[in-house]
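Down below is the structure, laid out as structure tokens.
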Amino acid sequence: MIKKVLKFGGTSVGTIERIQHVANIIKGEVEAGNKIIAVVSAMAGKTNELFNFSKNIDDNFDKRELDVLLSSGEQVTCALLAGALLKLKIKAKSWLNWQIPILTEGEHNNARIINMNVEKINKFLNDGVAIIPGFQGISSEGDITTIGRGGSDATAVAFAKLFDAKTCEIYTDVDGVYSSDPNKIPVAKKIKNISYDEMLELSSLGAKVMQPSAVQTAMMYNVPIEVKSTFTNREGTKIFDQQNIDYSKSVTGVAYSKDDAKITLMGVEDKPGVAANIFEPLNKAQINVDMVIQNISSNQKTTDITFTIKRDDLEKTQDILKKNKNIEYKEITYNDKVAKVSIVGAGMVSTPGVTYKMFRGLADDKINILAISTSEIKLSVIINEENTLKAVKKLHTIFELE
Ligand code: ADP
Ligand code: ASP
Ligand code: MG
């Protein structure tokens, strides 16, 4: 008897028929003798709809009440799935965050699961299926919390860890992790096995098939994950701690996101302390600066500083820069029509020339690079947003990912 956590995302439970289909998948697992914890998301589009309701009342809707509102989506799917299983004569029961309880810490809308009471669910698993709502928890004060968008993945991994499950299967609307989003890049190829590090980079850089914090927890506790389709029987992608990475390929995948904005301060005085004066107030306001580039101007007395931030922080950043009396510059430009395109691969460490190959390829297609950042297993560039898909396709060709 194997204990498994199966997580079903929004599209997988998007209609009543699909919920019935999911119930049949679970029935198959039970009949194969497995103990099942099913973690479910809200029906596709539901969380966005609820979020928009809150925005219609107040752009700055109270965070505590937002969690009460958003968590309701998962409650609906839990009950429907439990009902569908009971109809199939499979013993099943749903539990909400406070009934288990799923304890979280941290701020509303972005909490972290820290513990839960495993005993009563473990007992029930002996002859029944436990249905758990993803994305939600409860604080030490007894308030309902949510753990960030896409958070049902993190719930699934936390349950797999705390219940010592053999696997954590992420059922979704694609049949695995691809070299890039298969819905946007048709030449993208399915990856059979991927290391936690590579998956963490890909998801942090825009591959939304797995939520980054879920991958991080899985990596920390060595929880093996399989990403697979709810709608086909094809083999999915295994995410695990790869001891023997295949270094024959330098690049495993290409991720992209359109979440960033670029800011350039031109004609900044070139003397010690200037960068600190620019970035200190941003840091205080918890604005995360990603890439930074400094060019020395021809007269050597001034410099231009370019940096990127999250697009959502642009207005706040503009405001802080305008009010900053400790910096002087000739001109400031903002560009929120940029994209970040990144290549990721554990094999990059041992393959020379990857950087050059990427830059040459983009240049050949007349794609201008506006900023660059690197780490051991990833290389990201900022480019104009309109070139995103062209760049991702080109990188597939260059690194033989098609
Ligand atoms: P769920 O609702 O099941 O959690 P998500 O929408 O969060 O599903 O994630 C699945 C989606 O992730 C796919 O439909 C696909 O468009 C997108 N995606 C982005 N990058 C990748 C990638 N590299 N591989 C697979 N899917 C990806
Ligand atoms: N329903 C939540 C969301 O849409 C959590 C999830 O689906 O993972 O973000
Ligand atoms: Mg998701």
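The values are calculated or read from the model by the stated rules, or taken from the named source; none is laboratory data. Values in this document were obtained by computation on a predicted structure and should not be read as measured data. Positions of Cβ are backbone-derived with ideal geometry, glycine not excepted, and every protein chain shown enters the neighbour counts. When the accessible area is computed, the model is the full protein with side chains, heavy atoms only, and any ligands, DNA or RNA have been set aside. Shrake-Rupley method; radii C 1.70, N 1.55, O 1.52, S 1.80 Å.
Please work out the average accessible area per residue across region 200-294, using the 1.4 Å probe convention, and give it in Å².
Numbers: 4850 Å² over 95 residues.
For region 200-294, the per-residue accessible area is 51 Å².
Around Gly253, under 15 Å between beta carbons, what's the net of Lys plus Arg minus Asp minus Glu among the other residues? All intermediate terms of the calculation are to be shown ahead of the outcome.
Values: positive: Lys184, Lys189, Lys190, Lys192, Lys208, Lys238, Lys249, Lys340, Lys378, Lys393, Lys394; negative: Asp181, Asp197, Glu198, Glu201, Asp246, Glu400, Glu402.
Charge balance in the 15 Å sphere: +4.
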Report the residues of region 102-140 in range of a label on Leu86: point 7 Å along Cα→C-beta, backbone N strictly under 16 Å from it. 128-132
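Determine the sum of side-chain charges near Thr11: Lys and Arg each +1, Asp and Glu each -1, restricted to other residues whose C-beta is under 9 angstrom from that of Thr11.
Details: positive: Arg18; negative: Asp173.
Result for the neighbourhood of Thr11: 0.
Just add up the charged neighbours of Thr303: K/R +1, D/E -1, any other residue whose Cβ is under 15 Å from the Cβ of Thr303.
Details: positive: Lys271, Lys301, Lys330; negative: Glu269, Asp270, Asp304, Glu328, Glu331.
Its environment carries a net charge of -2.
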Theoretical ellipticity at 222 nm over the chain - DSSP helices of four or more residues, -39500 (n - 2.57) apiece, nearest 500: -10000 deg cm²/dmol
Choose one answer from Glu49, Glu201, Glu385: the residue with the largest mean-square fluctuation in a GNM of the chain with alpha-carbon springs under 10 Å. Glu49
Close lysine pairs (region 132-225; alpha-carbon distance under 23 Å; 8 or more apart or on separate chains) counted at 8
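Given region 181-271, what whole percent of its Cα pairs are spread farther than 15 Å?
Working: 2750 of 4095 pairs.
Roughly 67 percent, rounded to a whole number.
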Once fully extended, how much extra length lies between Glu65 and Lys258, figured as 0.36 nm per residue of separation less the alpha-carbon to alpha-carbon distance? 66.6 nm
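Mind putting a number on the dipole of region 267-402 about its Cα centre? Charges go on the C-beta only, +1 for Lys and Arg and -1 for Asp and Glu, and I need it in Debye to the nearest 20. Intermediate results must be reported in sequence, preceding the final value.
Numbers: 19 positive and 19 negative charges, 12 e Å.
Here the size comes out at about 60 debye.
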Given Ile332, Thr351, Asn384, which one lies farthest toward the positive end of the charge dipole of region 326-402, if we put +1 on the Cβ of every Lys and Arg and -1 on the Cβ of every Asp and Glu? Thr351
Which of the aspartates and glutamates could be linked to Lys366 by a straight reach, that is with a Cα gap under 18 Å, when you skip same-chain ones fewer than 8 residues away? Glu385, Glu386
Residues in region 183-211 that a label on Glu235 would reach, taking backbone N under 15 Å of a point 7 Å out along Cα→Cβ: 190-194
Once you wrap a convex hull around the alpha carbon atoms of region 115-256, what is its projected area averaged over all directions, in nm²? 10.0 nm²
How far is helix 314-323 tilted, in degrees, relative to the longest principal axis of the Cα atoms in the chain, given as a value from 0 to 90 rounded to the nearest 10? 40 degrees
Mind checking which aspartates and glutamates have their C-alpha under 18 Å from Lys271, skipping anything on the same chain fewer than 8 residues away? Glu280, Asp304, Glu328, Glu331
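Going by the alpha-carbon gyration tensor, a ≥ b ≥ c the square roots of its eigenvalues, is region 252-399 rounded (a/c under 1.5) or, if a/c is not under 1.5, prolate (a/b greater than b/c) versus oblate? Mind dumping the intermediate values first?
Values: a/c = 2.07, a/b = 1.82, b/c = 1.14.
Here region 252-399 falls in the prolate category.
Given Cβ point charges of +1 (Lys, Arg) and -1 (Asp, Glu) and nothing else, what value in debye, to the nearest 20, does the dipole of the chain about its Cα centre take?
Working: 50 positive and 50 negative charges, 175 e Å.
My answer is approximately 840 debye.
If the limit is 29 Å between Cα atoms, which of Lys4/Lys63; Lys27/Lys63; Lys228/Lys249 go over it?
Working: Lys4/Lys63 33 Å; Lys27/Lys63 38 Å; Lys228/Lys249 23 Å.
Over 29 Å Cα-Cα: Lys4/Lys63; Lys27/Lys63.
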Please state the shape class of region 105-184: rounded when a/c is under 1.5, otherwise prolate if a/b exceeds b/c and oblate if not, all from the C-alpha gyration tensor. oblate
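Would you mind checking Lys238/Lys258; Lys55/Lys93; Lys89/Lys123 for any pair whose Cα atoms are more than 23 angstrom apart? Walk me through the numbers before you get to the answer.
Details: Lys238/Lys258 27 Å; Lys55/Lys93 33 Å; Lys89/Lys123 19 Å.
From the list (Lys238/Lys258; Lys55/Lys93; Lys89/Lys123), the Cα-Cα distance tops 23 Å for Lys238/Lys258; Lys55/Lys93.
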Could you tell me the center-to-center distance, by alpha carbons, between region 330-352 and region 62-91 in angstrom? 40 Å
How far, in degrees from 0 to 90, does helix 16-31 lean away from the longest principal axis of the Cα atoms of the chain, to the nearest 10? 70 degrees
Using the Cα centre of region 131-260 as the reference point, and only Cβ charges (+1 on K/R, -1 on D/E), how large is the resulting charge dipole? Debye, rounded to the nearest 20. 440 debye
